[in-house]
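K.L.:
This is the structure I have questions about; it appears just below.
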Amino acid sequence: MFIVFPKKYNLSVDTTPDKVLKTAAQKVPKLNFNELRKEWLMTPVFYGTAADGKIAVHHHAAKKRDLDSIYFSGRIMPDGDKTVIEGRFQRSTKNTIMAIIIMVFWLLVTVVCFTQSIIAGLVCTAVTLLCFWLFFWDEGKIEIIKAYLDTIAQESMEDRS
């Protein structure tokens, strides 16, 4: 379960930063929201940006409205004769803030329900826990994006150019 705090991730690659950036730029298409909504809604796709030593990778699952969920944001940096992809998995700040505001409001509603009736309070508590789980569940996105970053690393090491 992915609550609010970003999770750090480092990946070491045995090649140059330029090869990693080139492979990432080829494998991570830059799509705007309208393209995603119209053309890719029914298809799983990885999208984002890879330029100027920075990389951002989002994942959209087929038939889901997850266009603003957890994503990876990081940097591609040289480390001796290797390259390190360093960054974090996080949600957008606006989504996190809105989820926290809604949860605080719902907790207040739950307290009010408990003052009216024990049964109403228990129902509100169950709904609160369900909402908390729905707001902050990561749907396995972190593992999916990690696997995708690993394929970028693998392909950049196999690149002979």
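The values are calculated or read from the model by the stated rules, or taken from the named source; none is laboratory data. Since the model is a prediction, treat every value here as computed from it, not as a measurement. Note that we place each Cβ from the backbone using ideal geometry, even for glycine, and neighbour counts take in every protein chain shown. Each accessible area value is taken on the protein alone, full model and side chains, heavy atoms only, with ligands, DNA and RNA left out. Shrake-Rupley method; radii C 1.70, N 1.55, O 1.52, S 1.80 Å.
K.L.:
Does at least one position in segment 141-154 carry a residue that is assigned to a loop (DSSP other than H, G, I, E, B), of a type outside the set (Lys, Arg) and at pLDDT 80 or above? Spell out the reasoning first.
P.N.:
The initial filter retains those residues of segment 141-154 that are assigned to a loop (DSSP other than H, G, I, E, B), namely none.
No: segment 141-154 contains no residue that is assigned to a loop (DSSP other than H, G, I, E, B), of a type outside the set (Lys, Arg) and at pLDDT 80 or above.
K.L.:
Ok, one more. Are any residues in segment 123-140 open to solvent by less than 50 Å² (accessible area, probe 1.4 Å) and either in a helix (DSSP H, G or I) or over 17 Å from residue 73 (Cβ atoms) (or both), and if so, which ones? If you could, list the steps in order and put the result at the bottom.
P.N.:
We begin by selecting, within segment 123-140, every residue open to solvent by less than 50 Å² (accessible area, probe 1.4 Å); these are 124-125, 128, 131, 136, 138, 140.
Within segment 123-140, 124, 125, 128, 131, 136, 140 qualify.
K.L.:
What single numbered condition from (1) farther than 15 Å from residue 6 by Cα; (2) surrounded by 14 or more Cβ atoms within 10 Å (Cβ to Cβ) fails to hold for residue 102?
P.N.:
(2)
K.L.:
Among the residues of segment 115-161, count how many are farther than 25 Å from residue 14 by Cα, in contact with a helix residue (DSSP H, G or I) (Cβ under 6 Å, 6 or more places away or on another chain) and among the polar types (S, T, N, Q).
P.N.:
So the answer is 2.
K.L.:
Answer yes if at least one residue in segment 66-84 is basic (Lys, Arg), out of contact with any Lys or Arg (no Cβ under 8 Å at 6 or more places or on another chain), free of Cβ contacts under 8 Å to residues at least 24 places away in the same chain and open to solvent by 40 Å² or more (accessible area, probe 1.4 Å), and no otherwise. Steps first, please.
P.N.:
Step one: list which residues in segment 66-84 are basic (Lys, Arg), which gives 75, 82.
Of the ones still in play, those that are also out of contact with any Lys or Arg (no Cβ under 8 Å at 6 or more places or on another chain) are 82.
Now drop any that are not free of Cβ contacts under 8 Å to residues at least 24 places away in the same chain, which leaves none.
Checked segment 66-84: no residue is basic (Lys, Arg), out of contact with any Lys or Arg (no Cβ under 8 Å at 6 or more places or on another chain), free of Cβ contacts under 8 Å to residues at least 24 places away in the same chain and open to solvent by 40 Å² or more (accessible area, probe 1.4 Å).
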